[in-house]
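Q: Here it is, the structure in full.
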Amino acid sequence: MAIAKAISAQNVSWLHGLAGLFVKPPRLQIAALCYRRGDKEPEVLLVSTRDSGRLILPKGWPEKDKPAFETALLEVYEEAGVIGKADPRPMGSFRSFKGLADGLRIRTKVLVFKILFEKQLKDFPEAGQRERVWLPISEAIEAADEPALKRFLRRHRSHIG
């Protein structure tokens with residue numbers, strides 16, 4: 001009986017190891033948490049997705065040969081026309097999914113950088129493709145369309161502004 005349990009445990013361990021070969025690690029995206037002073041609390045910038053109009057943080061794939069915080073600055077400029085000053089240290093991360101054109105969804109890890117708002121341009125690369133929405137942090141938490149983003153904003157609320 002003890003031998004059967006030992007052999008069974010080895011088989012299970014082997015299967016877990018084999019299964020790990022087929023699980024893809026999450027792909028990294030870089031997000032910009034752009035904020036500015038508000039009347040009662042800091043305001044956070046959310047942008048709409050191009051396909052469904054969900055409200056999210058501006059984000060994208062890492063840029064080759066650029067530090068991640070520079071990618072965050074580039075994403076907030078391209079998607080919202082915002083210029084700001086980025087903290088070079090990430091404030092945290094959350095898990096998400098990226099929807100692709102063919103309907104496939106891939107798991108991602110989103111690394112978030114704080115960006116202090118300086119100015120907003122009328123003309124920018126994705127103008128007309130997305131809505132830009134500035135909301136007090138408490139309203140942004142409710143308006144965000146990703147559960148993990150809602151949790152991230154709640155958890156980091158005191159570090160924004």
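The values are calculated or read from the model by the stated rules, or taken from the named source; none is laboratory data. Just so it is clear, the structure is predicted and the values come from calculations on it, not from any experiment. FYI the Cβ positions are ideal-geometry reconstructions off the backbone, even for glycines, and counts take in every protein chain you see. Remember, those area values only see protein heavy atoms, side chains included, never the ligands or the DNA or RNA. Shrake-Rupley method; radii C 1.70, N 1.55, O 1.52, S 1.80 Å.
Q: At 1.4 Å probe size, with no ligands or nucleic acids counted, give the accessible surface of Phe97 in Å², nearest ten.
A: The accessible area comes out at roughly 100 Å².
Q: Quick one: Debye curve from the alpha-carbon atoms of the stretch 62-161 only, equal weights, vacuum; give me log10 I(q)/I(0) at q = 0.12, 0.15, 0.22 Å⁻¹ to two decimals.
A: Results for the stretch 62-161 at q = 0.12, 0.15, 0.22 Å⁻¹ read -0.44, -0.72, -1.55.
Q: Turning to a different aspect of this structure: Over 25 Å between C-alpha atoms is what I'm after, so list which of Lys64/Lys150; Lys40/Lys119; Lys59/Lys119 land there.
A: Over 25 Å apart, Cα to Cα: Lys64/Lys150.
Q: Moving on. Just reorder Ser158, Ser96, Ser52 by solvent-accessible area, largest first, 1.4 Å probe, all chains present.
A: Output order, biggest surface exposure first: Ser158, Ser52, Ser96.
Q: Using a 7 Å offset from the Cα along the Cα-to-Cβ direction at both Lys122 and Met91, what is the distance between the two label points in nm, to one decimal?
A: Between Lys122 and Met91, the label points sit 3.0 nm apart.
Q: So if we plug the beta-carbon distance of Lys40 and Glu70 into 1/(1 + (r/R0)^6) with R0 = 22 Å, what FRET efficiency do we get, rounded to 0.05? Walk me through the numbers on the way to the answer.
A: On the way: r = 32 Å, r/R0 = 1.45.
Calculated value: 0.10.
Q: Enter the accessible area of Asp123 (Å², nearest 10), with the probe set to 1.4 Å and all protein chains included.
A: 130 Å²
Q: Right, here's the next one. Calculate, in nm to one decimal, what Ile106 and Glu142 gain on full extension: separation in residues at 0.36 nm each, minus their alpha carbon distance.
A: Once the chain is fully extended between Ile106 and Glu142, it gains 10.5 nm.
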